[in-house]
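K.L.:
Have a look at this one.
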Amino acid sequence: MSDSDVIEPAEPSLGAGADDQRLAGEASAGAAVFDLDEGSAPPAPPPDLTAAAFFDVDNTLVHGSSLVHFARGLASRKYFTYGDLGRFAYAQAKFQLLGRENSDDVAEGKRKALAFIEGRSTAELMALGEEIYDQIIADKIWPGTRALTQMHLDAGQQVWLVTATPYELAATIAKRLGLTGALGTVAESVDGVFTGRLVGDILHGAGKAHAVRSLAIREGLNLRRCTAYSDSFNDVPMLSLVGTAVAINPDADLRDLARERGWEIRDFRTARKAARIGVPSALALGAVGGALAAIVSRRQDGH
């Protein structure tokens, strides 16, 4: 990949958290792997080697907050008190009502998550994530967004989740949906046990852009041929990094910016969603882009 193939992200403001955001992004890209079952062969390279799609998770792919859904599952297993669950439920209600993330809720979620995982094994968190995905999160997937992930897979492109959710849970969601992998928040661990600290910070805002750019360099992706999807104005750095940006279930600020910049908008929260699942323009660059619209249209008609 030549230097001209990479679109540099807008540099984050040089605030106190800039270095942590960069470190979080680099750590997330470093942790992202093609998860394989024991004894299985590595996957064949995708037919379209230089294009990929990047999907935010909360309110983009999953209805509501995946971390709150995870907390609900933990509460049912007595990992949290009912008071904790009530606070998580309140945060989720605000998230669904306002359609946007709240910095105080993000900070509180970070504190609770770190307190929970300290001293626990990475294997335990992965196993809990698998159980809770099957029990709760699987039913929260937006069908419209799921169809968009499949379009990119059918085009032979990599499909990655990019989320503030812990890497272990994000990787489980990606694996269950048959996606390439996930970029998520990386919690520090030593000898398979969490220390209660993060590597950098949560993967949020500019951190997501750093993670995507690091992954693109590693995988030889041409960012001009990549697509990113999100519901949140906080993800503008990631959306601005790629050739095609799509606003999914956007908050008010992202909707306004998407209209201003001519980005595609897909809203699956309305009755109009069934007729409005279009093929993002970046897929026209794929080897089978022309046939995908008809394929996906037939799939949607069959739901």
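The values are calculated or read from the model by the stated rules, or taken from the named source; none is laboratory data. What you are looking at is a predicted structure, and each value in this text was computed from that prediction instead of being measured. Reconstructed Cβ throughout: ideal geometry from the backbone, glycine too, with neighbour counts over all protein chains shown.
K.L.:
So, Leu254, is that one touching a strand residue (DSSP E or B) at 6+ places or on another chain (Cβ under 8 Å) and either closer than 17 Å to Leu203 by Cβ or part of a strand (DSSP E or B) (or both) or not? Give the derivation first.
P.N.:
Working: touching a strand residue (DSSP E or B) at 6+ places or on another chain (Cβ under 8 Å): yes; either closer than 17 Å to Leu203 by Cβ or part of a strand (DSSP E or B) (or both): no.
No; evaluated as a whole, the condition is false for this residue.
K.L.:
Just checking, how many residues over the range 181-201 are surrounded by fewer than 24 Cβ atoms within 10 Å (Cβ to Cβ) and either under 27 Å from Arg146 (Cβ atoms) or aliphatic (A, V, I, L, M) (or both)?
P.N.:
5
K.L.:
Looking at Leu177, Leu153, Leu221, which one is of a type in the set (A, V, I, L, M, F, W, C) and touching a helix residue (DSSP H, G or I) at 6+ places or on another chain (Cβ under 7 Å)?
P.N.:
Leu177
K.L.:
Sticking with this one: Name the strands (runs of 3 or more DSSP E) wholly inside the range 145-241 in which the number of residues that are touching a residue at least 40 places away in the same chain (Cβ under 8 Å) is 3 or more. Lay out the reasoning, then the answer.
P.N.:
Details: elements: 158-166, 181-185, 187-190, 193-198, 227-230.
The qualifying strands (runs of 3 or more DSSP E) are 158-166, 181-185, 193-198, 227-230.
K.L.:
Another question, if that's okay. For the range 151-175, name all the residues that are over 21 Å from Met238 (Cβ atoms) and either touching a strand residue (DSSP E or B) at 6+ places or on another chain (Cβ under 7 Å) or surrounded by fewer than 24 Cβ atoms within 10 Å (Cβ to Cβ) (or both).
P.N.:
Asp154, Gly156, Lys175
K.L.:
Output the residues belonging to the range 179-207 that are within 22 Å of Ala51 (Cα to Cα) and in contact with a Phe, Trp or Tyr (Cβ under 8 Å, 6 or more places away or on another chain).
P.N.:
Leu179, Thr180, Gly181, Ala182, Leu183, Gly184
K.L.:
Continuing with this model, one more query. Would you point out the residue of the range 130-150, among those that are surrounded by fewer than 24 Cβ atoms within 10 Å (Cβ to Cβ) and among the polar types (S, T, N, Q), that is farthest from Val57 (Cα to Cα)?
P.N.:
Across the range 130-150, the extreme among qualifying residues is Gln135.
K.L.:
Inspect all residues belonging to the range 5-16 and state whether any of them is at pLDDT below 75 and not in a loop (DSSP other than H, G, I, E, B).
P.N.:
Kept after step one, since they are at pLDDT below 75, are these residues of the range 5-16: 5-16.
Filter once more, so that each one left must be not in a loop (DSSP other than H, G, I, E, B): 5.
Yes, some residue in the range 5-16 is at pLDDT below 75 and not in a loop (DSSP other than H, G, I, E, B).
K.L.:
Against the definition (under 17 Å from the mean Cα position of the chain (by Cα), of a type in the set (Ser, Thr, Tyr) and at pLDDT below 95), how does Thr185 come out, yes or no? I'd like the intermediate steps shown before the answer.
P.N.:
Numbers: under 17 Å from the mean Cα position of the chain (by Cα): yes; of a type in the set (Ser, Thr, Tyr): yes; at pLDDT below 95: yes.
Here the answer is yes, as Thr185 does meet what is asked.
K.L.:
Confirm whether Leu49 is surrounded by fewer than 17 Cβ atoms within 10 Å (Cβ to Cβ), assigned to a loop (DSSP other than H, G, I, E, B) and either modelled with pLDDT of 60 or more or out of contact with any Asp or Glu (no Cβ under 8 Å at 6 or more places or on another chain) (or both). Full working, then the answer.
P.N.:
Numbers: surrounded by fewer than 17 Cβ atoms within 10 Å (Cβ to Cβ): yes; assigned to a loop (DSSP other than H, G, I, E, B): yes; either modelled with pLDDT of 60 or more or out of contact with any Asp or Glu (no Cβ under 8 Å at 6 or more places or on another chain) (or both): yes.
Considered against the rule, which asks whether it is surrounded by fewer than 17 Cβ atoms within 10 Å (Cβ to Cβ), assigned to a loop (DSSP other than H, G, I, E, B) and either modelled with pLDDT of 60 or more or out of contact with any Asp or Glu (no Cβ under 8 Å at 6 or more places or on another chain) (or both), Leu49 comes out as yes.
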